[in-house]
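Everything below concerns the one structure shown next.
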Amino acid sequence: AQSVTQLDSQVPVFEEAPVELRCNYSSSVSVYLFWYVQYPNQGLQLLLKYLSGSTLVESINGFEAEFNKSQTSFHLRKPSVHISDTAEYFCAVSRSSGNTPLVFGKGTRLSVIA
Amino acid sequence: EAGVAQSPRYKIIEKRQSVAFWCNPISGHATLYWYQQILGQGPKLLIQFQNNGVVDDSQLPKDRFSAERLKGVDSTLKIQPAKLEDSAVYLCASSLDLVAAPQFFGPGTRLTVL
């Protein structure tokens, strides 16, 4: 079975400051890794994913995440946040075989302060 | 492209009543998921369909929850009878039948059981 731990339930940060949202996972089999974002009153949206290849993956809005197999981590980072980044961020994993469901962490609420 | 549609968006019922949720996935998506998201937690899989067949329902409380996907398109999730602890957001997601295909989520149905 897989499990995901998001170490911070809430992260307040000032606008234009850098941010890191931490995610660790546990699995006995190889996995794919995902970050989803949920803006207020909206559904979950895929932000970025790691399937294979380069361990650093990027999103179109400036976020990046790095897969670290030895530390079983997939932390999400952004060098300079905007007010519009305020949302709940979920880290998730799925088995890397077949079309399998996602196992989510509890989420991290990012609040960007002007 | 139309997204995943869900209805109703909100539902308030009393315990021991029954309730049903409806989901219309993205056209052409063979895989459909129902997740339960309790306040303060990440979504948890209830059931996964591949076309109109059940792939995984190991976490579905079958004594009170049931789901079907007639004709491999729309799906309904039913709770009968509801308990207080069923208060949650019920999310429907769909994806293509491909390894690691991204899941697209609907806006969810927020259920409150009084």
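The values are calculated or read from the model by the stated rules, or taken from the named source; none is laboratory data. Note that the coordinates shown come from a computational prediction; the quantities given were computed from them, not determined experimentally. Cβ: placed from backbone, ideal geometry, glycine included. Neighbour counts: every protein chain shown. Each accessible area value is taken on the protein alone, full model and side chains, heavy atoms only, with ligands, DNA and RNA left out. Shrake-Rupley method; radii C 1.70, N 1.55, O 1.52, S 1.80 Å.
At a probe radius of 1.4 Å, figure out the A/B buried accessible area, summed over both chains, and give it in Å² to the nearest 100.
On the way: alone 6370 and 6410 Å², together 11240 Å².
Summing both sides, the interface buries roughly 1500 Å².
Provide a whole-number value for the mean count of partner chain Cβ atoms within 10 Å of the Cβ atoms in peptide A:43-51. Numbers along the way, then the final one.
Working: counts 12, 12, 3, 4, 0, 0, 2, 1, 2.
Across the residues of A:43-51, the mean count of other-chain Cβ atoms within 10 Å is 4.
Assigning unit charges at the beta carbon (Lys, Arg +1; Asp, Glu -1) and nothing else, what dipole magnitude in debye, to the nearest 20, does chain A show about its Cα centre? Intermediate values should be presented prior to the final figure.
Working: 8 positive and 9 negative charges, 89 e Å.
In debye, rounded to 20, chain A gives about 420.
Compare the Cα positions of A:90, A:40, A:19 along the charge dipole of segment A:3-113 (+1 at Cβ of Lys, Arg; -1 at Cβ of Asp, Glu; about the Cα centre) and return the one farthest towards the positive end.
Highest projection toward the positive end goes to A:90.
I need the Kirkwood Rh of the protein assembly as shown: take the reciprocal of the average 1/r across all distinct C-alpha pairs and report it in angstrom.
Values: mean 1/r = 0.0550 Å⁻¹.
Averaging 1/r across every pair of different Cα atoms and inverting gives 18.2 Å.
Would you mind counting up the charge near residue B:13? Only other residues with Cβ under 14 Å from its Cβ, with Lys and Arg at +1 and Asp and Glu at -1. Intermediate values should be presented prior to the final figure.
Values: positive: B:11, B:15, B:16, B:64, B:78, B:83, B:110; negative: B:14, B:85, B:86.
Residues close to residue B:13 contribute a combined charge of +4.
For chain B, with only Lys/Arg (+1) and Asp/Glu (-1) charged at the beta-carbon, what is the dipole magnitude about the Cα centre, in debye rounded to 20?
Working: 12 positive and 10 negative charges, 81 e Å.
The dipole of chain B has a size of about 380 debye.
List the trypsin sites (Lys or Arg not before Pro) within segment A:41-100 that DSSP assigns to loop and that have no more than 12 neighbouring Cβ atoms inside 10 Å. Could you put the intermediate results ahead of the total?
Numbers: sites: A:49, A:69, A:77, A:95; in loops: A:69.
Hits after loop and neighbour filter: A:69.
Among DSSP beta bridges whose residues both lie in chain B, state the antiparallel percentage, nearest 5. All intermediate terms of the calculation are to be shown ahead of the outcome.
Working: 33 of 37 bridges.
Around 90 percent antiparallel, to the nearest 5.
Simple spin-label model, 7 Å along Cα-to-Cβ: residue B:59 to residue B:20 in nm?
Using points 7 Å along Cα→Cβ, the separation is 2.6 nm.
With both partners inside the protein assembly as shown, how many of the DSSP beta bridges are antiparallel, as a percent to the nearest 5? Before the final figure, lay out the partial values.
Numbers: 67 of 76 bridges.
Here the share of antiparallel DSSP bridges comes out near 90 percent.
Relative to the Cα centre, what is the charge dipole magnitude of the protein assembly as shown, using +1 at the beta carbon of each Lys and Arg, -1 at the beta carbon of each Asp and Glu, and rounding to the nearest 20 debye? Write out the running numbers ahead of the final one.
Numbers: 20 positive and 19 negative charges, 139 e Å.
Roughly 660 debye, rounded to the nearest 20.
Once you keep just the Cα pairs under 8 angstrom separated by 6 or more residues, what percentage relative contact order results for segment A:3-113? Each step should come with its number before you reach the end.
On the way: 268 pairs, mean separation 42.2, N = 111.
Worked out over segment A:3-113, it gives 38 percent.
Do any trypsin sites (Lys or Arg not before Pro) in segment B:37-79 lie in a DSSP loop with no more than 16 other beta carbon atoms within 10 Å, and if so, which? List each step's numbers first, then the result.
On the way: sites: B:44, B:62, B:64, B:69, B:71, B:78; in loops: B:62, B:64, B:69.
The qualifying sites are B:62, B:64.
Taking every residue in A:10-21, how many Cβ atoms of other protein chains lie within 10 Å of its Cβ, on average? Don't skip to the end; give the middle numbers.
Working: counts 0, 0, 0, 0, 0, 0, 0, 0, 0, 0, 0, 0.
Neighbouring Cβ atoms belonging to other protein chains average 0 per residue here.
Could you report chain B's accessible area per residue, 1.4 Å probe, as an integer in Å²?
50 Å²
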